[in-house]
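Undergrad: Sharing a structure here in structure tokens format.
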Amino acid sequence: MDTPDSPSNKDKSLSGMRAFYLLWVGQFVSIFATRMTNFAISLWAWDLTGNVTGFVLVGVISYLPSVFLSPFAGTLIDRWNRKLVLALSDAGAAISTAVLLYLFLTDQAEIWHLYATGAFTNIFGVFQYPAYSSVVTTMVPKDQFARANGMQSVVRSASGIAAPLLAGVLLTVIDLPTIMIIDLITFFFALSTLFLIIIPQPEQSKESLAGKGSIWKETLHGFRYVLDRKSLTAIFLLFAFSNIGAAFVYPLMTPMILAKTGDSSLILGMSRSASSVGFLAGGLLMSLWGGPKKRIHAVNLTFILQGMVATFLFGPAWSIPMWLIGSFLISSANPIINSAYIAILQSKVEPDLQGRLFGIENAITTITYPLGQLLAGYLADSIFEPGITSGSLNSVFGSVFGVNAGAGIGAVIAIGGLIGIIKGFAGYIIKPVREIETILPDHGIAEEATA
């Protein structure tokens, strides 16, 4: 039986940048439909729960599998055919959508079903981030890493520009299950593009051979690899800290706007579209520009600017223009930060170790995100929202954030922005992060010097 990249299939498949472009198109179509489904489900979840904690709990439970499984998933990615790994991760999301479709069609859907299907999706999805990040290294020239990462940001952001608005319009004429059916159809399109391309497997490096063994041994070798390099350890911990701030901002943007607008799905759709335009703008900027020569500047400076927007503009805002501008600016920062950050890792870590490296990075940096979501939900529901609208915090924060519904959620978003500002300055204060591109050599250089 032929594997997807066996000799008999390679002549029929695309490779190199053409293959990357086709992969890019397939993901765009699939993610566009998934964004519509997620938007429609988020409206249903908010309508059902009516509070921030219940709303963000869906995301918290979805994130938990990645915290524990990412390191092992990364090791398996380094062992397995990476194309098959990508196909399996997409299949997990399709299965969850199919289950939810059945539940909605039979009128059995409850909020805990979102928790269960979210966790199931993430068990498969835990392979996706490390796999996609590592395949760029074998498909794209090294000097194009930041641009390729920018293109991947464009895929996700461009699909979200029209998806929220289109979903809002479609929900007036069709129901949620129909949107899910569209989502399932696009999954098969994305799967077909995967099997039309070649994704090369990386050659084994000396570092990888030194840690060869069982899955457990190779995973532990990945942790030792990170701990032996202070720059990697430091930047991972800083991103873990920054994700607390991110958990205070992104999950609360939707409930804040819904609370301040009386559950207006139209205004929410406009805000999400502005966010997606921002993601697109940031992704296009990195795709065309590639970032500064010293990529860590793109990471640190953008964190500072993004945090300032969340703290001083978006959180206190009460008008549609300010929400749209804030959503755009906050989101445009993300692809700039992530493209530069991932490109640093792709350049410094051996390709055949990148699966476990990105798996470990995902576990370390995202473990704080669900904790931050829970803390943000508690602060919004139990302290700031009641305290500002009708309690003792009114006199302290009311003049800045207002006193009506949603003011307390805006205050929590502002706190998240402050965390981002702190992270950006810390990136310059901590030398192993500030000088990461000097301290760590590009992969292959040591072996080339030895040869």
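The values are calculated or read from the model by the stated rules, or taken from the named source; none is laboratory data. Please read these numbers as outputs of a predicted model, since none were measured by experiment. Reconstructed Cβ throughout: ideal geometry from the backbone, glycine too, with neighbour counts over all protein chains shown. Areas reflect the complete protein model, heavy atoms only, side chains present, ligands, DNA and RNA absent. Shrake-Rupley method; radii C 1.70, N 1.55, O 1.52, S 1.80 Å.
Undergrad: Quick one: ranking Phe188, Phe127 by accessible area, 1.4 Å probe, largest first, what do you get?
TA: Numbers: Phe188 130, Phe127 40 Å².
Solvent-accessible surface, decreasing: Phe188, Phe127.
Undergrad: Let me see the pair-distance distribution of the chain: every alpha carbon pair, 20 Å bin width, integer percents in order.
TA: 24, 59, 16, 1
Undergrad: Quick one: which of Lys206/Lys431; Lys83/Lys217; Lys348/Lys423; Lys217/Lys423; Lys83/Lys142; Lys260/Lys423 span more than 31 angstrom between C-alpha atoms? Walk me through the intermediate numbers first.
TA: Details: Lys206/Lys431 28 Å; Lys83/Lys217 24 Å; Lys348/Lys423 22 Å; Lys217/Lys423 33 Å; Lys83/Lys142 20 Å; Lys260/Lys423 29 Å.
Over 31 Å Cα-Cα: Lys217/Lys423.
Undergrad: For Ile244, tell me the accessible area in Å² from a 1.4 Å probe, rounded to the nearest 10.
TA: 50
Undergrad: What value does region 309-356 have for Rg/Rh, both radii from Cα atoms and Rh as Kirkwood defines it? Don't skip to the end; give the middle numbers.
TA: Details: Rg = 16.6 Å, Rh = 12.9 Å.
Over the Cα atoms of region 309-356, Rg/Rh equals 1.29.
Undergrad: Could you report the chain's accessible area per residue, 1.4 Å probe, as an integer in Å²? Please report the intermediate quantities before stating the final value.
TA: On the way: 18390 Å² over 451 residues.
The answer is 41 Å² per residue.
Undergrad: Continuing with this model, one more query. Could you sort Ile342, Ile325 by their accessible area in this structure, using a 1.4 Å probe and putting the largest first?
TA: Numbers: Ile342 20, Ile325 80 Å².
Most to least solvent-accessible, the answer reads Ile325, Ile342.
Undergrad: Determine the order of Met180, Met17 by accessible area, beginning with the largest, at a probe radius of 1.4 Å. Working shown, then result.
TA: Working: Met180 0, Met17 65 Å².
Result, largest first: Met17, Met180.
Undergrad: Once you list every other residue whose beta carbon is under 11 Å from the beta carbon of Ile257, what net charge do they have if Lys and Arg are +1 and Asp and Glu are -1?
TA: Around Ile257, the surrounding residues sum to +1.
Undergrad: Could you work out the relative contact order of region 324-451, using alpha carbon pairs under 8 angstrom and six or more residues apart, expressed as a whole percent?
TA: Across region 324-451, relative contact order equals 24 percent.
Undergrad: Continuing with this model, one more query. Roughly how much of Arg434 is accessible, in Å² to the nearest 10, using a 1.4 Å probe?
TA: The value for Arg434 is about 70 Å².
Undergrad: Let me ask something else. Short version: ³J(HN,Hα) in whole Hz for each residue of region 102-117, in order, from phi by Karplus 6.51 cos²θ - 1.76 cosθ + 1.60 (θ = phi - 60°), x for Gly and Pro, what are they?
TA: 4, 5, 6, 5, 9, 6, 10, 5, 10, 4, 5, 5, 5, 4, 5, 5
Undergrad: On to the next question. Using a probe of 1.4 angstrom, how much of the accessible area of the chain is carbon and sulfur, in percent? Could you put the intermediate results ahead of the total?
TA: Numbers: 12670 of 18390 Å².
C and S atoms contribute 69 percent here.
Undergrad: Over the chain, what relative contact order in percent results from Cα pairs under 8 Å that are six or more residues apart?
TA: Values: 773 pairs, mean separation 120.2, N = 451.
Averaging sequence separation for qualifying contacts and normalising by length gives 27 percent for the chain.
Undergrad: Also: Sequence-distant or interchain residues sharing an amide H contact under 5 Å with Ile197, placed H: which?
TA: Leu14
Undergrad: Next question. Quick check of the Kirkwood formula: for region 172-307, what is the inverse mean of 1/r over all pairs of different Cα atoms, in Å?
TA: Working: mean 1/r = 0.0492 Å⁻¹.
20.3 Å is the Kirkwood radius here.
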